[in-house]
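Written below as structure tokens is the structure these notes are about.
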Amino acid sequence: ITFSHSEKELTWNAETGSLLELAEQNQVAMESGCRAGSCGACEVAIKSGTISNIRDPGKAEESQSCLACVSIPSSDLVLDA
């Protein structure tokens, strides 16, 4: 996973948890709120790649973005964070 704004390239695995958890574990600054996919605070633009949701988000995601608190990568991924 590449966090383009933070210039960090990190490895995700199933034990890591969500993209938000990966970011927090590696000092990548991301907004967060409810951590359930409802508030939209953790929405981040996807520059390339695809994600899967680990649970249904309560808020609709914008095209080419994801809610990091409920998302995991399903391919190589570049996020604008």
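The values are calculated or read from the model by the stated rules, or taken from the named source; none is laboratory data. Because the structure is predicted, anything quoted here is derived from the model rather than measured. Please note: Cβ atoms are built from the backbone with ideal geometry, for glycine as well, and neighbour counts cover all protein chains shown. These area figures cover heavy atoms from the full protein model, side chains too; ligands, DNA and RNA do not enter into them. Shrake-Rupley method; radii C 1.70, N 1.55, O 1.52, S 1.80 Å.
Being part of a loop (DSSP other than H, G, I, E, B) and of a type in the set (A, V, I, L, M, F, W, C) is a property that does not hold for residue 45. State yes or no: is residue 4 of a type in the set (Gly, Ala, Ser) and modelled with pLDDT of 95 or more? It is true that residue 4 is of a type in the set (Gly, Ala, Ser) and modelled with pLDDT of 95 or more.
In the set 68, 29, 36, which member is out of contact with any Lys or Arg (no Cβ under 7 Å at 6 or more places or on another chain), surrounded by fewer than 16 Cβ atoms within 10 Å (Cβ to Cβ) and in contact (Cβ under 8 Å) with a residue 40 or more places away in the chain? Let's see the steps before the verdict.
On the way: 68 fails: surrounded by fewer than 16 Cβ atoms within 10 Å (Cβ to Cβ); 36 fails: in contact (Cβ under 8 Å) with a residue 40 or more places away in the chain.
Answer to the selection: 29.
Residues of segment 43-59 being hydrophobic (A, V, I, L, M, F, W, C) and open to solvent by 50 Å² or more (accessible area, probe 1.4 Å), which ones? Walk me through how you get there before you give the answer.
Going through segment 43-59, the residues hydrophobic (A, V, I, L, M, F, W, C) turn out to be 44-46, 51, 54.
The answer is 54, and nothing else.
Search segment 23-78 for residues being of a type in the set (A, V, I, L, M) and touching a Pro at 6+ places or on another chain (Cβ under 9 Å), and hand back the single one that is nearest to residue 9 (Cα to Cα). Only one residue tops the list, namely 51.
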